[in-house]
2 protein chains.
Amino acid sequence: MPFRLFQNYIFRNIMANDRFSPDAVRQLTAAIAVRAGVKKKDAAILADALVDADLHGTSTHGISRLNIYIRRIQKGLIDPKAKLAVERGRGAAMAMDAGNGLGQVQAVKALEKLAKKAKRQGVAAATIRNSQHFGALSYYCNLAAKQDLILFATTSCEPAMSPEGACQAFFGTNPIAASFPTGKGWSVKIDLATSIVARGNIIAAQKKGQPIPLGWALTPEGEPTTDAAAALAGTVLTMAGHKGYALALMVEIFSSVLSGSAVGPAIGSMYKNMDRKQDVGHFFFLLDIAAFMDVAEFKRRLDKAIDDIKGCRKRAGVSEVLVPGERSHQKAQQNLAQGIAIDEATQKELKTLCEELRVKYTLTPNA
Amino acid sequence: MPFRLFQNYIFRNIMANDRFSPDAVRQLTAAIAVRAGVKKKDAAILADALVDADLHGTSTHGISRLNIYIRRIQKGLIDPKAKLAVERGRGAAMAMDAGNGLGQVQAVKALEKLAKKAKRQGVAAATIRNSQHFGALSYYCNLAAKQDLILFATTSCEPAMSPEGACQAFFGTNPIAASFPTGKGWSVKIDLATSIVARGNIIAAQKKGQPIPLGWALTPEGEPTTDAAAALAGTVLTMAGHKGYALALMVEIFSSVLSGSAVGPAIGSMYKNMDRKQDVGHFFFLLDIAAFMDVAEFKRRLDKAIDDIKGCRKRAGVSEVLVPGERSHQKAQQNLAQGIAIDEATQKELKTLCEELRVKYTLTPNA
């Protein structure tokens, strides 16, 4: 049952959708969260993070996740009023406990604390334990970039991926992200899972009855497979084999081992384990550009690098060399104008949440 | 001519070799460097870093590089007496200038300065500009791990790799490394180029007249190729396509853009450009484990993660799941006992250097 829930969730993201005003979605999201017990200020953070993901074209980490967060709050698996505690600290370092609160809310609060330290010390780093799925890492990176800070961020996630040579899910898709301010009105944005492909793509292939490319996943017995169903019962492969394995391990150590969170298979699944908390860990490392170089010079240098990259000779059939962050910025501009796309299943969930929590459903699709 | 030099250098590493006492090689290396103008203490650092690479099975970054370093010193392209200067600093941040000195020497000195800061502040980070090829990143990471510090390190390198969509060498193979102390007598060691394969493998295939796998490289026109010669004239591909591209860009920004070093194609080639300095940049980020968690607890937690990974169900034909750092530790133990392998071409270079610099050649192969 929980797994079907997860499948339905992924499938909805590949369907055609209505579009809605980002402001209206933000307001409704915050209203729902408040009725579920989240403080007003915290609900605004959650709403902004979710809508930002939808704006940037990462709807897998957007408003479609609200329902599961609320359900987990209702089951006592997320504390909507959790405090963020600094458990240990020295100079530019902080070890924090998210108190099993909402991932987005605690991450933004951690970032605020850390930004003050980084502005004073030039750099600062924090581990955050006892947290949850916290959406798109690039949200936090972009918040930092707006303050001329560079954030390098990682998070552990529920198990999905096997170490090279093994065929048991140990690691999550363990992403790495960083964002760098430019003079171009958008930030260079690195944001990638260390898996070869998102598990959602395999679920989508299964729904359509299509095979998956060899090299994406293994059966539970560890055999390479093109069968999506066998792949879903097995594990996703790391990107670039042993290199992705090494990076996934690095992410796991920074985010989970060093933070004191659950490690590997001990991390709870958001959809499958409706009986225990996730205990995810995050890692934030923040640099104040001005401590290393004048910000204007940094931006001038990065802008030149971007221009040089875009000016490289192109491969056949390629019309433009894109720089990471460029496309998602363009998408955000489009979505700001057109509204964000929300699929039917998510709309239905929002309506049900509104009914249950006695919140007025205020969304009307853009014409 | 310089390119042939480079080809010869790569080819030698795939031949059968004599073995020598690491101590004897260290002493001879230091003696040669001193006669080339390097200070005694600095020569010892260089010798230790090179021999350490050979010990760990990374002979591409070991003693085989001594000749080119000395030749570049002789041509005035490396300053053997360079001072390391802190140009800007605040709290836990330092922007350093390596003064065009030997990469290994300046990196070790930078790490020493940074370690003091990290012990005080919990974390510390440094950019290092105006440097060279500095060998294996994992050497610095392992030095840190021995002090219960975690080092995350990146470096830019001479151009070899094209951005996704382009077919011009912009990035170096831009590696990422980190090392984490355990209770097992060896450190977890992440050390990977963001390219799909080392350029040396393509050169080796060309020498043997063998094709290379599709997906390793592009021709200068940007066409995928299995022809090693066409690949060598073109560019190596990033690991995992756009993901490796994004990581290579992150490495370039941390190491070169933020440090003030040359960026992308402006970086000099060690073998091809015997008329200008390299101007490579490095980035070091150091964490004191004790600022986040008791060191003993961290090691206990990491040891358990290692045991759990190694205990995972194995894929068919796999006898053991290895953890990054495990194999190179085993290799180092073997090489400590058996001696390090040095190929004939490198032995010949060492003899020539000894003759020219009037150093007694003291190496005799182990029986």
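Things to note:
- Alpha-carbon radius of gyration plus Dmax, which is the widest Cα pair, for the stretch A:279-358 in Å: 20.9, 58
- Average beta-carbon neighbours from other chains, 10 Å sphere, peptide B:176-186: 2
- Computed over chain B with a Gaussian network model linking Cα atoms closer than 10 Å, the most mobile of B:ALA136, B:ALA233, B:ALA262 is B:ALA233.
- The mean number of partner chain beta-carbon atoms within 10 angstrom of a residue's beta-carbon across peptide B:232-239 is 1.
- Selection among A:VAL257, A:GLY281, A:SER269 by position relative to the dipole of the stretch A:257-312 gives A:SER269 as farthest towards the positive end (Cβ unit charges, Cα centre).
- Beta bridges assigned by DSSP with both partners in the protein assembly as shown are antiparallel in approximately 85 percent of cases.
- Normalised by 2.2 N^0.38 Å, where N is the number of residues, the C-alpha radius of gyration of the protein assembly as shown stands at 0.96.
- Label point 7 Å beyond Cα along the C-beta direction, distances from A:GLU112 to other copies (nm, shortest first): 4.4
- When the pairs B:LYS277/B:LYS299; A:LYS299/B:LYS40; A:LYS119/A:LYS304; A:LYS113/A:LYS310; A:LYS117/B:LYS41; A:LYS277/B:LYS304 are compared against a 32 Å limit on Cα-Cα distance, B:LYS277/B:LYS299; A:LYS299/B:LYS40; A:LYS113/A:LYS310; A:LYS117/B:LYS41 fall above it.
- Mean Cβ count within 10 Å, highest first, over the residues of peptides B:104-116, B:207-219: B:104-116, B:207-219
- Length-normalised contact order for chain A - Cα pairs under 8 Å, 6+ apart - percent: 24
- C-alpha center-to-center spacing [the stretch B:326-360, the stretch B:265-325] in angstrom: 24
- Accessible surface buried upon B-A contact (total; probe 1.4 Å; Å², nearest 100): 6900
- Each copy carries a label point for A:ALA337 at 7 Å from Cα along the beta-carbon vector; from one copy to the others these points are 6.9 nm apart, nearest first.
- Residue mean of other protein chain beta carbons inside 10 Å, B:161-171: 6
- Placing +1 on the Cβ of every Lys and Arg and -1 on the Cβ of every Asp and Glu, with nothing else charged, gives the stretch B:36-128 a dipole about its Cα centre of roughly 400 debye.
- For the stretch A:136-236, the spherically averaged projection of the C-alpha convex hull amounts to 7.4 nm².
- In angstrom, the C-alpha Rg and Dmax of chain A are 20.4, 58.
- Ellipticity at 222 nm from helices only: DSSP H runs of n ≥ 4 in chain B, each -39500 (n - 2.57), divided by the residue count, give -12500 deg cm²/dmol.
- Its Cα centre serving as origin, the protein assembly as shown has a Cβ charge dipole (Lys and Arg +1, Asp and Glu -1) of approximately 1360 debye.
- Charge dipole magnitude, Cβ of K and R +1, D and E -1 - the stretch A:162-282, Cα centre, debye nearest 20: 440
- Each other copy places its own label point for B:GLN74 at 7.9 nm from this one, sorted shortest first, where the point lies 7 Å along the Cα-to-beta carbon line.
- Mean Cβ neighbour count within 10 Å, used as a protection proxy, ranking B:117-124, A:254-261 highest first: A:254-261, B:117-124
The values are calculated or read from the model by the stated rules, or taken from the named source; none is laboratory data. These figures come from a predicted structure and were not determined experimentally. Backbone-built Cβ (ideal geometry, glycine too); neighbour counts: all protein chains shown. Note: accessible area is taken over every heavy atom of the protein model, side chains too, but ligands, DNA and RNA are not part of it. Shrake-Rupley method; radii C 1.70, N 1.55, O 1.52, S 1.80 Å.
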